[in-house]
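Participant: I have a structure here, written as structure tokens, and I will follow up with some questions on it.
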Amino acid sequence: MSALQSISGKGQPAEAYDVVVVGAGFAGMYMLHRLRGLGLSARVYEQGSGVGGTWYWNRYPGARCDVESMQYSYSFSDELQQDWDWSERYAPQPEILKYANHVADRFNLRPDIQFNTRVDRAVFDEAANIWQVATSDGKTATARFVVLATGCLSNARMPDIKGLDRFKGKVYHTGHWPHDPVEFTGLRVGVIGTGSSGIQSVPVIAEQASHLTVFQRTANFSIPARNAKLTAEERERFRTNYPEIRRFAREEARNGIYTDLPDRGALDDGDNERRARYEQRWQRGGLTFMSVYNNLVLDKAANDTAANFVREKIAEIVSDPQTAKLLQPNNHPIGSKRICVDSDYFATFNRANVTLVDIRSNPIEEIVPNAVRAGGKDYEVDALVLATGFDAMTGSVAKIDISGRQGQTLNQKWAEGPKTYLGLMSVGFPNLFVITGPGSPSVLSNMIVSIEQHVDWITDCISFMRDRGFEAMEATKDAEDKWVAHVNEVAYTTLYPQANSWYMGANIPGKPRIFMPYIGGVGAYRQICNDVAAKGYEGFAMTSAARPQKLAASS
Ligand code: N01
């Protein structure tokens, strides 16, 4: 019995599609739209009950995007970007989810999305060049291609803390927040974790809770968002300039965000000039703080000037010197962990109802039914918020049992770290694409820019194969090995690997320490992908039918 028979042998006929897409977030939705444009049949499986991916799950208080909404939006439809009115500079989660739903309706995507359904297993039939996909509803589907649009930060990680299951109050994870309203009024709340999610939720929870205790293991750099309502004039300015803004984000910006690019390094300026530049960016707010100089992630001495500036700001904002000191990051270069963007995070520690607990010096020993016990002291809480992050980039892929050539699973292949060619495909897994996979800029960029680039590339590639009668496509080992080496080499020219970050897999015990995203910049990366395609998909092997089985003709 072939592996294929082993998952389809339930007596139910499999549904046949040209493409199965896993996930209906921004990647899966756009993928579906483009596949339809090719006249292909596609089925999207989504484990949630609605579209939106990360914005469907991350509903915690204060959740909003850290890329400006006018840029964190699809560019593929000019009508869409001209029509949609973002209300704030940084859109709150409910508005981004509304946008995702608007896109699903506007492009009539829902009929091809099956909600509340996980993809459990995918097995490649080498003889037929077909994937067989088993879903949580007990059914199977077949498809020539499988596209993993599973997201990079979608597998919420529960911390392994003794006694968590015995806590008698409610426990929430920021990445898996309930859909019903959560009320903290009058409660003593504990937040564990001070990454982007913790830093966004702490000020909002502090306003509701009777007391908030923040358990911090690592202090993080955070820049004020300076969020504000967008005026009609501001929106219009973007809309009029969208062609150039989008072009710049795709081709020139390293991180897919339109901003003015630095023309010098931090040490090229004297103290006063440098301080003035940091101050100007601090006042402007947002992620582009790191774009003030061109060597902040390359040169430790340059980086120190920015890190010191932010540390001084924290000391100015936080009244209690001891608390300020604890909040000043001191174990990683600024930017080497994803920089956070906040609204009044540091000032929140001036509130009488907020306590900061340093669990680096006094680690959490256990959670008891009514308290978090750290350093021999019980911090009583009625509810716990775990802002402890994700098994990033590979976690959601790893949850699917994917078998490629000769029964090798993707988890076996990636046991020592993910290996891909261009972050798009992995040797041994033909016709399996990953959108914003490890080895591509993905999480180092404006995700929607990178998603659109991958989806467009995959669409062109499938179209190329169809036009030439190719049935299977696979990265070559040589191309993959060279790409993995290149991704690593570029990472180690920067300061990023110096931090114990989720980029490195360092937040998951036992996960291999590999710098997962490609740090060469979205513009350079796009050019590489385009060149590969222009050379007839150099580094990929394409094969024709073992058995003739054609994709649907273009409509
Ligand atoms: O997760 P994180 P996140 N005991 O991994 C701590 C994106 N995002 O959800 O650093 C105690 O960054 C952990 O401590 P340490 C964005 O890309 C974007 O906040 O490991 N503490 C850390 O403080 C972001 O980077 C947006 O020492 C434990 C925290 O939990 C990414 O998602 C909003 C612990 C986890 O921080 C992830 O952010 C939100 C334990 N056992 C997220 N385990 C925006 O667009 C972990 N921690 C704004």
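Participant: Karplus couplings for segment 305-317 from phi (6.51 cos²θ - 1.76 cosθ + 1.60, θ = phi - 60°), rounded to Hz, Gly and Pro as x?
Facilitator: 5, 6, 4, 5, 4, 5, 4, 5, 4, 4, 5, 5, 7
Participant: For Leu212, which sequence-distant residues (separation of 5 or more, or a different chain) have an amide H within less than 5 Å of its own amide H, given hydrogens modelled in the peptide plane?
Facilitator: Val189, Val354, Thr355
Participant: For the chain, take the longest principal axis of its alpha carbons; what is the angle in degrees between that and the long axis of helix 232-251, to the nearest 10 within 0 to 90?
Facilitator: Once rounded, the angle reads 60 degrees.
Participant: With +1 assigned to the C-beta of every Lys and Arg and -1 to the C-beta of every Asp and Glu, and no other charges, what is the dipole magnitude of the chain about the Cα centre in debye, to the nearest 20?
Facilitator: Here the chain has a charge dipole of around 820 debye.
Participant: Would you tally the net charge around Gly195, using a Cβ to Cβ cut-off of less than 12 Å, leaving Gly195 out, and scoring K and R as +1, D and E as -1?
Facilitator: Numbers: positive: Arg157, Arg217, Lys337, Arg338; negative: Asp66, Asp342.
With Lys, Arg at +1 and Asp, Glu at -1, the neighbours total +2.
Participant: Magnitude of the Cβ-charge dipole of segment 228-272, K/R +1 and D/E -1, about the Cα centre, nearest 20 debye?
Facilitator: Numbers: 9 positive and 11 negative charges, 94 e Å.
Dipole size: approximately 460 debye.
Participant: Then there's this: I'd like to check one number: the per residue accessible area of segment 253-340, probe 1.4 Å, reported in Å² as a whole number.
Facilitator: Numbers: 4060 Å² over 88 residues.
Heavy-atom accessible area per residue stands at 46 Å².
Participant: Compare the Cα positions of Gly138, Ser75, Gly50 along the charge dipole of segment 38-145 (+1 at Cβ of Lys, Arg; -1 at Cβ of Asp, Glu; about the Cα centre) and return the one farthest towards the positive end.
Facilitator: Gly138
Participant: May I ask which residue of Leu296, His179, Phe215 lies farthest towards the positive end of the charge dipole of segment 173-323, with charges of +1 (Lys, Arg) and -1 (Asp, Glu) on Cβ and the Cα centre as origin?
Facilitator: His179
Participant: Which residues among segment 393-413 fall inside the zone where the amide N is under 14 Å from a point 7 Å beyond the Cα of Lys477, along Cα→Cβ?
Facilitator: Zone members listed by number: 405-406.
Participant: Taking the alpha-carbon centroid of each part, what is the distance from segment 412-439 to segment 20-46 in angstrom?
Facilitator: 19 Å
Participant: With each run of n ≥ 4 DSSP H residues scored as -39500 (n - 2.57), what mean residue ellipticity at 222 nm is computed for the chain after dividing by its residue count and rounding to the nearest 500 deg cm²/dmol?
Facilitator: So the calculated ellipticity at 222 nm is -9500 deg cm²/dmol.
Participant: So, counting K/R as plus one and D/E as minus one, what does the shell of residues with Cβ under 13 Å around Asn411 add up to?
Facilitator: With Lys, Arg at +1 and Asp, Glu at -1, the neighbours total +2.
Participant: Before anything else, pin down the relative contact order of segment 350-411: Cα pairs under 8 Å, at least 6 apart, normalised by residue count, whole percent.
Facilitator: 15 percent
Participant: Below 8 Å, C-alpha to C-alpha, sequence gap of six or more: please give me the relative contact order for segment 362-506 in percent. Working shown, then result.
Facilitator: Working: 145 pairs, mean separation 27.2, N = 145.
Contact order relative to length: 19 percent.
Participant: For a quick check: with amide H placed at 1.01 Å from N, whose amide H comes under 5 Å from Glu471's, ignoring anything fewer than 5 positions away on the same chain?
Facilitator: Thr543, Ser544, Ala545
Participant: Please compare each pair in Lys170/Lys325; Lys300/Lys325; Lys337/Lys413; Lys229/Lys337; Lys399/Lys419 to a cut-off of 25 Å on the Cα-Cα distance and tell me which ones are over it.
Facilitator: Pairs exceeding the cut-off: Lys170/Lys325; Lys337/Lys413; Lys229/Lys337.
Participant: Continuing with the same structure: Give the distance, in whole Å, between the Cα centre of segment 271-333 and the Cα centre of segment 220-245.
Facilitator: 22 Å
Participant: Which whole-Hz couplings ³J(HN,Hα) result when phi for each residue of segment 83-98 is put into the Karplus expression 6.51 cos²θ - 1.76 cosθ + 1.60, θ = phi - 60°, listed in order with x for Gly and Pro?
Facilitator: Listing the rounded values in order: 7, 6, 9, 7, 8, 10, 4, 10, 5, x, 3, x, 6, 5, 5, 4 Hz.
Participant: Quick one: which residues, 5 or more positions from His173 or on another chain, have an amide H under 5 Å from its amide H? H modelled 1.01 Å from N in the peptide plane, none for Pro or chain starts.
Facilitator: Amide H neighbours of His173, under 5 Å, 5+ apart: Leu386.
Participant: Moving on to the next point. Remind me, relative contact order of the chain in percent, using alpha carbon pairs under 8 angstrom and six or more residues apart? Could the numbers behind the result be given before it?
Facilitator: Working: 1147 pairs, mean separation 111.1, N = 555.
Contact order relative to length: 20 percent.
Participant: Okay, next question. State the extension gain, in nm to one decimal, for the chain segment bounded by Arg284 and Glu380, taking 0.36 nm per residue of separation less the distance between their alpha-carbons.
Facilitator: 30.7 nm is the gain from fully extending Arg284 to Glu380.
Participant: Just to check I understand the Karplus step: with θ = phi - 60° and J = 6.51 cos²θ - 1.76 cosθ + 1.60, what whole-Hz values come out for segment 142-151, glycine and proline as x?
Facilitator: With coefficients 6.51, -1.76 and 1.60, one gets 10, 7, 5, 10, 10, 10, 8, 10, 8, x Hz.
Participant: Can I ask one more? Sorted by accessible area with a 1.4 angstrom probe, largest first, how do His454, His211 fall?
Facilitator: Output order, biggest surface exposure first: His211, His454.
Participant: Taking K and R as +1 and D and E as -1, what net charge do the other residues with C-beta under 13 Å from the C-beta of Arg284 add up to?
Facilitator: Neighbourhood net charge equals +1.
Participant: Right, something else. Pop out the carbon and sulfur fraction of the accessible area of the chain as a percent, whole number, probe 1.4 Å.
Facilitator: 48 percent
Participant: May I ask you to list the lysines whose Cα is less than 21 Å away from that of Lys535, ignoring any residue fewer than eight positions away on the same chain?
Facilitator: Answer for Lys535, where 21 Å is the Cα cut-off: Lys477, Lys482, listed by chain and number.
Participant: Something else about it: Toward the positive end of the charge dipole of the chain, about the Cα centre and with charges on Cβ (Lys, Arg +1; Asp, Glu -1), which of Pro418, Cys529, Gly62 goes farthest?
Facilitator: Pro418
The values are calculated or read from the model by the stated rules, or taken from the named source; none is laboratory data. Treat the numbers as computed from the prediction; the structure is a model and nothing was measured. So basically every Cβ, Gly included, is an ideal-geometry build from the backbone, and we count neighbours across all protein chains shown. Quick note on the areas: whole protein, heavy atoms, side chains included, nothing else; ligands and nucleic acids left out. Shrake-Rupley method; radii C 1.70, N 1.55, O 1.52, S 1.80 Å.
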